[in-house]
Amino acid sequence: MHKTWGRAAVALSIAALALSGCGDTTEPTGSPTPKGSSSAASPSGSGSPSASASSSASPTTNASVPAEARQRTEDGAIAFLHFYFELYNKALLDPPNAPNLFAYADKDCIACKKTQDLFTEYAEGGWSVRESGVRIENAALATEATAPKVIVNFTFTEATQPLYQNGKKTTHAVPAANTKKGAALKWVNNAWQMYGVENM
């Protein structure tokens with residue numbers, strides 16, 4: 001266990017967990033990332049809702065949590081983090097069938113809601129990508145795996161790639177990202193839940 005977050009873990013709260021958007025009014029310029037990231041974006045073109053849109057789409061594909069991500073251990077928490085961000089990849093590959101993040105998250109997770117809203121905007125605007133661009137690297141716990149709120153520090157990386165709209169490649173691209181972040185997880189009913197994500 002690496003205590004690189006230290007006392008900051010105690011200060012992590014729902015109020016501090018959010019996603020921010022940037023970009024122009026015609027295209028998505030990237031993918032949802034925790035507050036403060038330069039790669040955060042929200043599609044808001046003429047064919048999609050504004051950034052404040054609710055999660056009105058009906059996510060239809062909920063993946064089963066792998067066995068290794070169902071353990072209340074350091075390895076289990078890290079495996080869950082990888083699983084959660086793989087859902088993120090799947091959603092941007094096929095936005096109309098985006099997974100419902102709240103099947104794996106606390107109902108008050110602000111970052112999760114904003115990310116789910118972005119999936120809806122991608123779906124309604126016809127946006128998508130063709131490759132799984134997000135990776136989680138150097139994940140390590142900053143708390144004990146048995147703590148009430150478990151903090152996992154990690155590096156969020158996202159490869160640049162073209163954006164597609166209605167199946168056609170555009171001149172726009174997802175920007176590359178490499179950001180140190182922390183995720184807060186909770187163990188509820190014998191399963192991990194995402195509680196929030198924040199830049200380090």
Out of all the residues in region 100-115, is one or more buried (at least 19 other Cβ atoms within 10 Å of the Cβ), among the aromatic types (Phe, Trp, Tyr) and more than 20 Å from Arg72 (Cα to Cα)? no
When you look at Ala63, is it within 28 Å of Thr171 (Cβ to Cβ), of a type in the set (A, V, I, L, M), surrounded by fewer than 18 Cβ atoms within 10 Å (Cβ to Cβ) and at pLDDT below 95, yes or no? no
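Every residue, every condition in (1) under 18 Å from Arg72 (Cα atoms); (2) in contact with a helix residue (DSSP H, G or I) (Cβ under 7 Å, 6 or more places away or on another chain); (3) of a type in the set (D, E, K, R), yes or no:
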{"site": "Ala123", "(1), (2), (3)": "no, yes, no"}
{"site": "Val129", "(1), (2), (3)": "no, yes, no"}
{"site": "Lys180", "(1), (2), (3)": "no, no, yes"}
{"site": "Trp192", "(1), (2), (3)": "yes, yes, no"}
Got at least one residue in region 100-114 being without any contact (Cβ under 8 Å) to a residue 40 or more places away in the chain, closer than 21 Å to Glu86 by Cβ and either over 18 Å from the mean Cα position of the chain (by Cα) or in a helix (DSSP H, G or I) (or both)? yes
Strands (runs of 3 or more DSSP E) wholly in region 142-197 with at least 1 residues that are among the hydrophobic types (A, V, I, L, M, F, W, C), crowded, with 19+ Cβ neighbours inside 10 Å and at pLDDT 95 or above - which ones? 150-158, 161-165, 177-188
Give the residue, chosen from Asn89, Asn138, that is among the polar types (S, T, N, Q), in a helix (DSSP H, G or I) and touching a strand residue (DSSP E or B) at 6+ places or on another chain (Cβ under 6 Å). Asn89
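The values are calculated or read from the model by the stated rules, or taken from the named source; none is laboratory data. For clarity, every value in this text was computed on a predicted model and none was experimentally measured. Glycine gets a Cβ as well: all are built from the backbone with ideal geometry, and neighbour counts include every protein chain shown.
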